[in-house]
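The values are calculated or read from the model by the stated rules, or taken from the named source; none is laboratory data. Values in this document were obtained by computation on a predicted structure and should not be read as measured data. So basically every Cβ, Gly included, is an ideal-geometry build from the backbone, and we count neighbours across all protein chains shown.
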Amino acid sequence: MEKTKVIGIAGCGNMGLPMGRQLRKNGFDVWGFDIRPASEFGDFKDRMVVDPATFAERVDVLFSIVRDTRQTQELLFDDQALYGCANPPKTLVISSTLSPRFLATIENQLPNGVLLMDAPMSGTGFRAVKGQLTFMVGGPEAAVRDLMPALQTMGTEVHYLGETGSGLTCKVVNNFVAASNIVAVRHALESTAALGVARDTMLKVISSSSGNNWYAQHFDDIDWSHEAYDPSNTMGIIKKDVASYLDAIDGLVGKEISEFEKLVHNQMGFLKELKR
């Protein structure tokens, strides 16, 4: 991507803000938008645009990184209505974790001439700060090639997966695997003390043996690893991500899928019982 193109980051939270900082540090013209006051964004506050219309007309490529489908709808078409503005961004990149089926709802509401792509990312806040995210990208090959310099600034792994929607498809499947590991590790640690093994010892063993997974390996680096479940926190986002996966496979028929869905719901229900 030419650095003359202006990039917008909508949703400057735990992921979006460090992504914006990485782009700025590497010479990209980047602006942020969020419903929170600009004063809350520290050294990035001078790059925050408060007015939705001003933001929409300023940027060429918009990365949408809000929480869920409701916030995405509000951002793009309803409350903030970036794509109701006179001159909205010509490229829209969905980086939130949503069901790939929701892309059709977005595409049907976009003005003519807007290119829709998806580039959800994997990695938590500490990896975003280091510019070490993994991106899963769907869209026209030429457009993805144009976007690559920005993606490689924010991440160390960029997977081009095919047409628009491919990125979100892989992301929700990946997040289901991650959620399964999170539930398993949290469940194991809940019972570890009763079994007479220290938590840190158990994590060390898991991380160097067949039970190894990303969550266990980085347990003390992840800022939300000790969170109890709450709909508004990261554990709540994980449940939302699994719901996105279930929506993506909705319509697949067969007893195996039906039983599988029950297993997923049971696993995610356990999150509500987790203690800090």
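List of remarks:
- Inter-residue pairs, beta-carbon under 8 Å, first over 20 Å from THR169 (Cα atoms) and not assigned by TED's automatic domain parsing to the domain that holds VAL66 and in segment 230-257, second assigned to a helix (DSSP H, G or I) and at pLDDT 70 or above, 6+ apart: ASP230/GLY236; PRO231/LYS239
- Strands (runs of 3 or more DSSP E) within segment 112-226 that include 3 or more residues touching a residue at least 12 places away in the same chain (Cβ under 8 Å) and among the hydrophobic types (A, V, I, L, M, F, W, C): 115-118, 133-138
- For segment 162-175, a residue qualifies if it is at pLDDT below 95 and on the phi > 0 side of the Ramachandran plot, but none of them does.
- Residues that are in a helix (DSSP H, G or I) and of a type outside the set (A, V, I, L, M) occur at least once in segment 77-89.
Residue by residue, here is whether (1) farther than 19 Å from ASN14 by Cα; (2) modelled with pLDDT of 95 or more; (3) touching a Phe, Trp or Tyr at 6+ places or on another chain (Cβ under 8 Å) holds:
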| residue | (1), (2), (3) |
| --- | --- |
| MET121 | no, yes, yes |
| GLY125 | no, no, no |
| ALA128 | no, yes, no |
| THR134 | no, yes, no |
| LEU151 | no, yes, yes |
| TYR160 | yes, yes, no |
